[in-house]
Amino acid sequence: MSVNAQQIIPKVIEKEAKIALSHYPELADTSIEFKFKKKIKKSTMQAQPKFASLFGSKKKRSYKILISKRIKIADTVYKTKDIPSEIMIGWLGHELGHVMDFKNRSGANLIGFGLRYLFSKNYIKRAERMADSYAVAHGMEDYILATKEFILTKAGLSQKYVDRIKRLYLSPEEIMD
């Protein structure tokens, strides 16, 4: 586990997390814990503010990026840490895009965000596209494109998951525009 004043990163993804973080210099003083979780419903990774920090100053807010320990690709289950490096960097960059989106919101706004995210497919689409947009604006276009290509064509993921990605996230064509 790598720990600096602001980030806690599991050793197995330390290199990838540091590369992704290097694209977001404005997060250098932001508390972010990268944490593996056994399973995340409908997702591989999930960024969120730590609940207790919602009620304090925005500047002191802390975040966690949950990372599923395993991902099913076709009929094989892989450890997420074994995903190719550039794909992991892209995924982490997308999640850091969510953190950027969260940083300027009030605690009450973030609670509303969470509720809308739970109950509105249109809101999910808006939030996911915003995270992709932050990543692209921070110079992560190549990583995001590699991650999209992996998910959409190479990973052998379920068609249901691929269709969800196509529906909710920026397409490769939109990223390149």
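Every number in this text was worked out from the coordinates using simple rules, so none of it is lab data. Since this is a predicted model, take the numbers as computed values, not measurements. Cβ coordinates were reconstructed from backbone atoms using ideal geometry, including for glycine residues, and neighbour counts include every protein chain displayed.
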Point to revise | Highest to lowest packing among 32-41, 15-24, scored as the average C-beta count within 10 Å | key: 15-24, 32-41
Exercise for review: Work out the length of the dipole vector of the chain about its Cα centre, built from +1 on the beta-carbon of each Lys and Arg and -1 on the beta-carbon of each Asp and Glu, and round it to the nearest 20 debye.
Suggested key: 1120
Revision key, fill the gap. If each part is reduced to its alpha-carbon centroid, the stretch 133-155 and the stretch 56-109 end up apart, in Å, by 14
**Study point:** Computed [θ] at 222 nm, deg cm²/dmol, the chain (DSSP H ≥ 4; -39,500 (n - 2.57); rounded to nearest 500)
**Key:** -14500 deg cm²/dmol
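Arranged by the count of other C-beta atoms within 10 angstrom, fewest first, what order do ARG129, ARG61 take?
On the way: ARG129 16, ARG61 21.
Arranged by neighbour count, lowest to highest, ARG129, ARG61 become ARG129, ARG61.
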Revision key, fill the gap. antiparallel share of DSSP beta bridges within the stretch 2-176, to nearest 5, in %, is 55
Revision key, fill the gap. Using alpha-carbon positions, the gyration tensor of the stretch 1-56 gives root eigenvalues a ≥ b ≥ c; with a/c under 1.5 called rounded, otherwise prolate if a/b exceeds b/c, else oblate, the class is oblate
Check your understanding: Candidates [x] 14; [y] 33; [z] 10; which is the computed percent of Cα pairs over 31 Å apart?
Key -> [z]
Check your understanding: Cross-link partners among lysines for LYS58, C-alpha distance below 17 Å, same-chain residues fewer than 8 apart left out?
Key -> LYS50, LYS103
Review point. Taking +1 at the Cβ of each Lys and Arg and -1 at the Cβ of each Asp and Glu, which of LEU157, THR44, GLY107 sits farthest along the dipole of the stretch 2-176 towards its positive end, judged by Cα position relative to the Cα centre?
Key: GLY107
Revision key, fill the gap. Measuring from its Cα centre, the stretch 110-169 shows a charge dipole (+1 at each Lys and Arg Cβ, -1 at each Asp and Glu Cβ) which, in debye to the nearest 20, is 400
